[in-house]
Amino acid sequence: MKCLQNRDGLKSVKRMVVKIGTKSLTTNGKLDVKKVSKLVNDVMEVRRLKREVLVVTSGAIGAGMGRLGIVSRPRKLSELQAVAAVGQSLLMQTYERFFSRWKQPVAQMLLSAEDFTNATRYRNFKNTLSTLLRWGVVPIINENDTVATEEIMVGDNDLLSAYVAKGAKADLLVLLSDVDGVYVKRGRERKRLSLVERVTPQLERTAFRTSKKFGGMFTKIQAARMASEAGIAVVIAHSRHPHVLKSILKGEEVGTLFLPRVD
Ligand code: GLU
């Protein structure tokens, strides 16, 4: 998709990765089935356009906390991992339930950093992925939280989705969250950037200032830089936007588009 130069180019996307953040799936610390159902419908709109979709989803920890009635996020790693183990199955069960309404098969893929650095594991991941896509399955991917300690973590799911998009040779990565895109200050006003041609250090600094370390705009911009440098277009958009994925593929003015680098 290196030739993509504007939003019109998004109409020819064939394979896309959609990253869904925890806030797009939960309300008041619990998995929100209405939100899941809305996003599943959005993915199905893309499937009906005969495009391939991979989902990278967060929400295991959020769903696990809700299930166990834990109000504040545990600090101990082993507890976080245990919470994720509870939440991951609930998360998958919920996706399975909504996708099966459309008779759409899904697959769970849990990955850790090693799967991208070890050549054999990376090859296996890519082979499984291409088989699933050939069979018309929607892969639903998350970090394998129960084994990913800080030292061997991919980072967060924004970065994971960029690695997945590269491995899958996707044309487009969509990062869905609770922000409409990238905002910059123009005088007294904040303005959404519609198009970013290149992620500059200045843009990274702005994002860093306005963001918490993980899961905020900073890691989204890093993920956008990684993917766009690999020739993949990236859109950061609000998950609440009606028909968000279809609108993006129609070239509509949604979120912030990062153009793929051509050099
Ligand atoms: N893997 C974590 C979860 O499913 C989320 C990590 C992230 O959002 O970056 O809860």
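Read the figures in this text as sums done on the coordinates, not as results from a lab. Nothing here was measured: the structure is a model prediction, and the numbers come from that model. Don't worry about glycine lacking a Cβ; one is built from the backbone with ideal geometry, like all the others, and counts go over all protein chains shown.
Considering only Leu159, Leu129, Leu193, the mean-square fluctuation computed in a Gaussian network model of the chain, springs between alpha carbons under 10 angstrom, is largest for Leu193. Based on C-alpha pairs under 8 angstrom that are at least 6 apart in sequence, the chain has a relative contact order of 26 percent.
Modelled this way, with points 7 Å down the Cα-to-C-beta line, the labels at Asn41 and Gln93 are 2.4 nm from one another.
Can you tell which of Gly216, Gly59, Gly231 shows the greatest fluctuation in a Gaussian network model of the chain with Cα springs below 10 Å? Comparing Gly216, Gly59, Gly231 in the GNM, the peak value goes to Gly216.
Indicate, rounded to the nearest 5 percent, the antiparallel portion of the DSSP beta bridges found entirely in the chain.
Numbers: 9 of 36 bridges.
Within the chain, antiparallel bridges account for around 25 percent of the total.
Couplings 3J(HN,Hα) for the stretch 143-148, derived from phi with the Karplus relation 6.51 cos²θ - 1.76 cosθ + 1.60 (θ = phi - 60°), are 6, 7, 4, 5, 10, 7 Hz, where x marks Gly and Pro. When the trypsin sites (Lys or Arg not before Pro) in the stretch 163-263 are filtered for DSSP coil states and for at most 15 other beta-carbon atoms within 10 Å of their beta-carbon, the remaining sites are Lys169, Arg188, Arg198, Lys212, Lys213, Arg240, Lys250.
Looking at the stretch 63-198 alone, DSSP beta bridges between its own residues are antiparallel in about 40 percent of cases.
Of the trypsin sites (Lys or Arg not before Pro) found in the stretch 87-137, those in coil by DSSP whose Cβ has at most 15 other Cβ atoms within 10 Å are Arg101, Lys103.
Label-to-label distance for Arg205 and Arg186 is 2.1 nm, based on points extended 7 Å past Cα in the beta-carbon direction. Could you give me the ³J(HN,Hα) list for the stretch 173-179, computed from phi with Karplus coefficients 6.51, -1.76, 1.60 and θ = phi - 60°, whole Hz, x at Gly and Pro? Using θ = phi - 60°, the values come out as 10, 10, 9, 9, 8, 9, 10 Hz.
Given only helices, namely DSSP H runs of n ≥ 4 each adding -39500 (n - 2.57), what is the per-residue ellipticity at 222 nm of the chain, to the nearest 500 deg cm²/dmol?
Numbers: 9 runs with 108 residues, N = 263.
Rounded to the nearest 500, it is -12500 deg cm²/dmol.
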